[in-house]
Each structure stands twice: as structure tokens, then as C-alpha cells.
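Engineer: Have a look at this one.
The values are calculated or read from the model by the stated rules, or taken from the named source; none is laboratory data. Not measured: the values here are computed from a predicted model. Virtual Cβ from ideal backbone geometry, glycine too; neighbours counted across all protein chains shown. The protein model used for the area step is the full one, side chains on, heavy atoms only, and it has no ligands, DNA or RNA in it. Shrake-Rupley method; radii C 1.70, N 1.55, O 1.52, S 1.80 Å.
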Amino acid sequence: MKQKILTMLELQDAMNRKVNPEGRQAGYAWYRAIWTECAGMLDHYGWKWWKHQKPDMEQVHLEIIDIWHFALSDLILKNDSLETAADRALEGLSNPLPGDDFREAIENMAMDTIADRSAPIERFSGLMKLADLGFDELFKTYVGKNVLNIFRQDHGYKEGSYIKIWNGREDNEHLAEIMATLDTDADGFKDTLYQRLETVYPG
């Protein structure tokens, strides 16, 4: 589990450096991104008593994974190495704060984030548990999304030259197809995924 956390931290650090090579020194308010994402998650889950709403758990899971991007970034900022950041993440993910009301869990996550100006990993882990989102699914989806984002940047996304439609399908469809054939537990999973994207990219 720790190795997978380290993989995610490495990917997040690489992505952040692509956006701004001096990002660690910039001191971005990652916590602010976290609590605003919490509001979006609450909307997808539903909270309006005056109208019929059904929780959209697929979107809830995507919001949790989006929050994880920012939580990893906060861990990188607040720790002196990726190793210590991984230890902190492992501790938090292994000790989810209990709860049985998902809406209140989202609100508690937002409140603790604002109060501490930091990512409350135990709260995040509690949200994962209530949303029935396992660690392996978090890892697989997170890595896939980040590898694709880095691939896009490497192939001209910022300059506008990146080709998003490959053989009539969007790149994220090709991503899902490739990931279904790979072992996420294998060493070098992220590198293999990147290489496979290279083989099918038409650019």
C-alpha cells in the first residue's frame, strides 16, 4: 500500500512541476481546492429536501479522486520528503474517522480542512469508506488520470497541438481500454501505461 501511495505522490509531484517548476516554493492553498470540491461532491450526492434526488455515486467517486489530487499536493507541501508524506498518508488512510451520514462526513471534511488549512486524511479515508470506494480503485483511477494528464502535456496540450480524438474515440476511452489489460500491482505500472499510450497515439 505504501508503494502505491509513493507512486501517486511521485505522479502528483511530476504533474505539479509541469504546471509550475517552482510550485513547491509557491505555497499554493491546496486546502482551498479541497473544501470547494467538497461542495461539488455534496451536490452530486444530493442534499435538497424540496426535490427528488438520487445520489450519483459515480460522480461522487470522481470528486473523491479529484480531492485526492489536492490532498497529495498538500502532503507534498507539508512534508520534507515524499517518503514522510507517504507515511503520513498511510497513517491517515489506515485510520478512517467513523461516521454513518455521508452528508455530515462531507461537511466535517470541509470544516476540518478549513480549520487546519490542511488535508485531513483520516476524514478523507472515512469518506472513502462511506462511499464504498476501495484503495485499489482509488489508486487505479488516480494513476490513470494522472498518466493521461502528463501524456497530454508532453504531447502539446498546452500549445493546442494535442490530438484528443484517436481513431474516432476520445483519449480517455483508449486509456480505460489499456488499463483493463494491465496489472495495477505490477512494478512500473505507470510507466507501462504511458508507453502503451505512446503506441496508440496517432501524433
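Engineer: Can you find even one residue in region 38-49 that is out of contact with any Asp or Glu (no Cβ under 9 Å at 6 or more places or on another chain), among the aromatic types (Phe, Trp, Tyr) and not in a loop (DSSP other than H, G, I, E, B)?
Structural biologist: no
Engineer: Does SER94 satisfy being over 18 Å from ILE65 (Cβ atoms) and at pLDDT 90 or above?
Structural biologist: On the way: over 18 Å from ILE65 (Cβ atoms): yes; at pLDDT 90 or above: yes.
It is true that SER94 is over 18 Å from ILE65 (Cβ atoms) and at pLDDT 90 or above.
Engineer: Of everything in region 112-128, what is farther than 20 Å from GLN3 by Cα, in contact (Cβ under 8 Å) with a residue 60 or more places away in the chain and in a helix (DSSP H, G or I)? Give them in sequence order.
Structural biologist: Hits for region 112-128 are THR113, ILE114, ASP116, LEU127.
Engineer: Could you list, ordered by first residue, the pairs with Cβ atoms under 8 Å in which the first is in region 21-34 and of a type in the set (D, E, K, R) and the second is open to solvent by less than 50 Å² (accessible area, probe 1.4 Å), at least 6 apart or interchain?
Structural biologist: Here the result reads ARG24/ASN16; ARG24/ILE76, each pair linking region 21-34 to a residue that is open to solvent by less than 50 Å² (accessible area, probe 1.4 Å).
Engineer: Determine which single condition LYS190 fails, assuming it passes every other condition in (1) part of a helix (DSSP H, G or I); (2) more than 15 Å from LEU11 (Cβ to Cβ); (3) open to solvent by less than 80 Å² (accessible area, probe 1.4 Å).
Structural biologist: Here LYS190 meets the rest and fails (2).
Engineer: Please indicate, with yes or no, whether at least one residue in region 8-18 is in a helix (DSSP H, G or I), of a type in the set (S, T, N, Q), within 22 Å of ALA105 (Cα to Cα) and open to solvent by less than 60 Å² (accessible area, probe 1.4 Å).
Structural biologist: At the first step, the residues of region 8-18 found to be in a helix (DSSP H, G or I) are 8-18.
In the following step, the residues that additionally are of a type in the set (S, T, N, Q) were identified as 12, 16.
Keeping just the survivors that are within 22 Å of ALA105 (Cα to Cα) gives none.
The answer is no, given that none of the residues of region 8-18 is in a helix (DSSP H, G or I), of a type in the set (S, T, N, Q), within 22 Å of ALA105 (Cα to Cα) and open to solvent by less than 60 Å² (accessible area, probe 1.4 Å).
Engineer: Could you tell me how many of the residues in region 101-149 are aromatic (Phe, Trp, Tyr) and open to solvent by less than 10 Å² (accessible area, probe 1.4 Å)?
Structural biologist: Kept after step one, since they are aromatic (Phe, Trp, Tyr), are these residues of region 101-149: 102, 124, 135, 139, 142.
From the residues that got through so far, the ones that are open to solvent by less than 10 Å² (accessible area, probe 1.4 Å) too are 124, 139, 142.
Residues that pass the stated criteria total 3.
Engineer: Looking at this structure, is HIS155 surrounded by 15 or more Cβ atoms within 10 Å (Cβ to Cβ), touching a strand residue (DSSP E or B) at 6+ places or on another chain (Cβ under 8 Å) and in contact (Cβ under 8 Å) with a residue 24 or more places away in the chain?
Structural biologist: Values: surrounded by 15 or more Cβ atoms within 10 Å (Cβ to Cβ): yes; touching a strand residue (DSSP E or B) at 6+ places or on another chain (Cβ under 8 Å): no; in contact (Cβ under 8 Å) with a residue 24 or more places away in the chain: yes.
No: the conditions fail for HIS155.
Every residue, every condition in (1) in a loop (DSSP other than H, G, I, E, B); (2) of a type outside the set (Asp, Glu); (3) open to solvent by less than 40 Å² (accessible area, probe 1.4 Å), yes or no:
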{"residue": "TRP35", "(1), (2), (3)": "no, yes, no"}
{"residue": "TRP68", "(1), (2), (3)": "no, yes, yes"}
{"residue": "ALA71", "(1), (2), (3)": "no, yes, yes"}
{"residue": "ASP74", "(1), (2), (3)": "no, no, yes"}
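Engineer: For region 168-187, how many residues are open to solvent by 40 Å² or more (accessible area, probe 1.4 Å) and either out of contact with any helix residue (DSSP H, G or I) (no Cβ under 8 Å at 6 or more places or on another chain) or of a type in the set (Ser, Thr, Tyr) (or both)? Walk me through how you get there before you give the answer.
Structural biologist: Within region 168-187, the first condition is being open to solvent by 40 Å² or more (accessible area, probe 1.4 Å), and the residues that meet it are 168-170, 172-173, 176-177, 180-181, 183, 185-187.
Retained after the next criterion (residues that are either out of contact with any helix residue (DSSP H, G or I) (no Cβ under 8 Å at 6 or more places or on another chain) or of a type in the set (Ser, Thr, Tyr) (or both)): 168-170, 173, 177, 180-181, 185, 187.
So the answer is 9.
Engineer: Count, please, the residues in region 77-100 that happen to be touching a residue at least 12 places away in the same chain (Cβ under 8 Å), open to solvent by 10 Å² or more (accessible area, probe 1.4 Å) and either in a helix (DSSP H, G or I) or not hydrophobic (A, V, I, L, M, F, W, C) (or both).
Structural biologist: Summing the residues that are touching a residue at least 12 places away in the same chain (Cβ under 8 Å), open to solvent by 10 Å² or more (accessible area, probe 1.4 Å) and either in a helix (DSSP H, G or I) or not hydrophobic (A, V, I, L, M, F, W, C) (or both) in region 77-100 gives 15.
Engineer: If I filter region 1-19 down to residues being among the aliphatic types (A, V, I, L, M) and in contact (Cβ under 8 Å) with a residue 40 or more places away in the chain, which single residue comes out as farthest from ALA85 (Cα to Cα)? Outline the logic, then answer.
Structural biologist: Within region 1-19, the first condition is being among the aliphatic types (A, V, I, L, M), and the residues that meet it are 1, 5-6, 8-9, 11, 14-15, 19.
Narrowing further to those that are in contact (Cβ under 8 Å) with a residue 40 or more places away in the chain: 1, 5-6, 8-9, 11, 14-15.
Numbers: MET1: 13, ILE5: 9, LEU6: 8, MET8: 11, LEU9: 8, LEU11: 13, ALA14: 15, MET15: 16 Å.
So, considering only residues that are among the aliphatic types (A, V, I, L, M) and in contact (Cβ under 8 Å) with a residue 40 or more places away in the chain, the one farthest from ALA85 (Cα to Cα) is MET15.
Engineer: Where residues in region 53-66 are charged (D, E, K, R) and in a helix (DSSP H, G or I), which of them is nearest to ASP13 (Cα to Cα)?
Structural biologist: Taking region 53-66 first, the residues charged (D, E, K, R) are 54, 56, 58, 63, 66.
Within this subset, residues satisfying the condition of being in a helix (DSSP H, G or I) are 58, 63, 66.
Numbers: GLU58: 26, GLU63: 20, ASP66: 15 Å.
Checked region 53-66; the qualifying residue nearest to ASP13 (Cα to Cα) is ASP66.
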